[in-house]
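Notes to accompany the following structure.
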Protein chains: 2
Amino acid sequence: MLYTDSLAANLQPWLDRLRNGDPLTLTRAITTVENRSPGWSELLKAAFPQTGHARILGLTGAPGAGKSTLVDQLAKQYRKQNQTVGIIAVDPTSPYTGGAILGDRIRMQDHFSDPGIYIRSMATRGSLGGLARATADVATVLDASGRDLVMIETVGVGQDEVDIVRVADVTIVILVPGMGDDVQSIKAGIMEIADIFVINKSDREGADRVEREIRALQSLAIRSDRWTPTIVKTVATEGTGVPELVAAIADYQTYLEEANLTLQRRVENWQERLVEMLRDALLEKARSQFVDGSVARYAAEVAEHKRDPYTLVEEIVGKMGKTA
Amino acid sequence: MLYTDSLAANLQPWLDRLRNGDPLTLTRAITTVENRSPGWSELLKAAFPQTGHARILGLTGAPGAGKSTLVDQLAKQYRKQNQTVGIIAVDPTSPYTGGAILGDRIRMQDHFSDPGIYIRSMATRGSLGGLARATADVATVLDASGRDLVMIETVGVGQDEVDIVRVADVTIVILVPGMGDDVQSIKAGIMEIADIFVINKSDREGADRVEREIRALQSLAIRSDRWTPTIVKTVATEGTGVPELVAAIADYQTYLEEANLTLQRRVENWQERLVEMLRDALLEKARSQFVDGSVARYAAEVAEHKRDPYTLVEEIVGKMGKTA
């Protein structure tokens, strides 16, 4: 690709175009980073110094919680305050086909006339994780492009989502009334990552019960920043509660700043991210050890019980140390 | 712990106790493997040669889909056929507290009188993934203990769950009618991992619509094994459809065996698992590079934008090659 071939030679003009919000430059940069195309690493290194401006919101919740609608409403609200918005919608798609669903195209039509809102869908990236890493890197590009606000929206409540929203300055967990008997256990799992709880579809029966359950669980948890997560009730389809959610987000950020915790939170996030980045770099190195289809041969030997996989991996790691 | 201290010296008697189904030996072995306590690696190496007997079922679905109830019903059904069952229930719990929910204790009471059913809950293991790996290792221990059937049950539909059920010989995806507007995208994401679809709570309105949607999506997908995933309707709370599900599982396994695909599937699974195991081993090595609190120092420098994380990680990996 001409764009990445000429990247090194044209880094400064490219950075200027990115910072000036040129949409084509932004889209190409994100694609390069997401696909790990040639030049992705140089691109991030160059973009990093001009990051740090954007506030990053992470939003997660179970399927059917109405995340997309809520994110769209939030975007509209922030646009009223003249803030530019980038949205990363992380979609649960097949690890085998790698195809993204087309939700972003449908949603883009809504905001098509407003260059102040940029929406990007991301699919899962293969079987070895890395989606959280890719999401964080795309957020870095959006930050470097001068967006005031980056929203990362992700489906589900598993470890993936915890990793994905870890990059955020503010994490919002979206619940809905009447999601069935497993909801209690989900809430227990995400108590600590939520800075703000949203009870969406709060016109449904059971919204007060969900609120009571959150409060009950909160009484058991102690946060290192001593913040008691706010609970905001919304009906995203009608925009109800969205201004209150914007206010709650601002309140939490004010709290962090007044308590001098903003940097501390980012340092903690970076601790995790650095270890993850190191792991990914080592995985690349590991994969290069499996040359000439040797992983297929090893896998066949293990599947046929001719070889024990635990000893095998120790041997490979030992050899790597010596030959690297 | 005396148990692991004396492990190396007493491996054969221990293996015999494990194979004979001694519950205390089994519980201790699983705890050792799950917590990566001293001796975990030797334990797995020793247990591996006596694995390969158990059939491994992976069950996943959204919160509220009724997975636990269905798994319990399946266990009862298999017990009627005199098969011994191990259940690994992977719970979405906090990455910070690491606490498991107590569901297994409640569920255990149901089966308390039957040593033929063994239930174990697993929590998430920190921020760096590894849960899929730990789950696979616990399945290995259960297999080595002589269980005829190991069921791995997990909440959610994200990448975590794909990794967790990858170890399975048969993967079952549980859907329910009326889960809201995001269901379509979830189904798209898990089409390829489902060997069998269960529509649970199928007495609810919309079960036929879910079935039609699965069929519509199936017409787009081509599986390498050419199997068309079965759809089974159940009402797990009443046991309805459970014998049909057991039959569908047997049908798929017969299909794989007649087409000589059982080994091929296991080889493919092991390819992924070997790379994951290598990654984990390298991560351990990576963590040991961050000595003397240097990760905290680096994270602070990055958070303050004094250092670019991408170059930093490259430098550390480069240095590892030389000093390892």
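Annotation: residue A:62 fulfils all but one of (1) free of Cβ contacts under 8 Å to residues at least 12 places away in the same chain; (2) touching a Pro at 6+ places or on another chain (Cβ under 7 Å); the unmet one is (1). If you go through the range B:252-272 one residue at a time, how many are modelled with pLDDT of 85 or more and surrounded by 14 or more Cβ atoms within 10 Å (Cβ to Cβ)? Adding up the residues that qualify gives 14. Looking only at residues of the range B:314-324 that are in a helix (DSSP H, G or I) and at pLDDT below 70, we find that the one that is nearest to the other protein chains (Cβ to nearest Cβ) is B:321.
With (1) over 17 Å from the mean Cα position of the chain (by Cα); (2) outside the structural domain of residue B:176 (by TED's automatic domain parsing); (3) under 26 Å from residue B:266 (Cα atoms) as the list, and residue B:31 as the residue in question, which single condition is left unmet? In the conditions (1) over 17 Å from the mean Cα position of the chain (by Cα); (2) outside the structural domain of residue B:176 (by TED's automatic domain parsing); (3) under 26 Å from residue B:266 (Cα atoms), residue B:31 misses (1) alone.
Please determine, by comparing only the residues of the range B:28-47 that are free of Cβ contacts under 8 Å to residues at least 40 places away in the same chain, part of a helix (DSSP H, G or I) and more than 14 Å from chain A (Cβ to nearest Cβ), which one is surrounded by the fewest Cβ atoms within 10 Å (Cβ to Cβ). The extreme case among them is B:35.
Taking into account only those residues within the range B:289-313 that are surrounded by fewer than 18 Cβ atoms within 10 Å (Cβ to Cβ) and within 33 Å of the chain's Cα centre (by Cα), which is modelled with the highest pLDDT? Of everything passing the filter in the range B:289-313, B:296 is modelled with the highest pLDDT.
Summed over the range B:220-261, the residues that are part of a loop (DSSP other than H, G, I, E, B) and not aromatic (Phe, Trp, Tyr) give a count of 15.
Within the range B:250-262, residues that are in contact (Cβ under 8 Å) with a residue 24 or more places away in the chain sit with their Cβ atoms under 7 Å from residues that are assigned to a helix (DSSP H, G or I) and not polar (S, T, N, Q), at 6+ positions apart or across chains, in these pairs: B:256/B:265; B:262/B:256.
The values are calculated or read from the model by the stated rules, or taken from the named source; none is laboratory data. Here the structure is a predicted model, which means the values were calculated and not measured. FYI the Cβ positions are ideal-geometry reconstructions off the backbone, even for glycines, and counts take in every protein chain you see.
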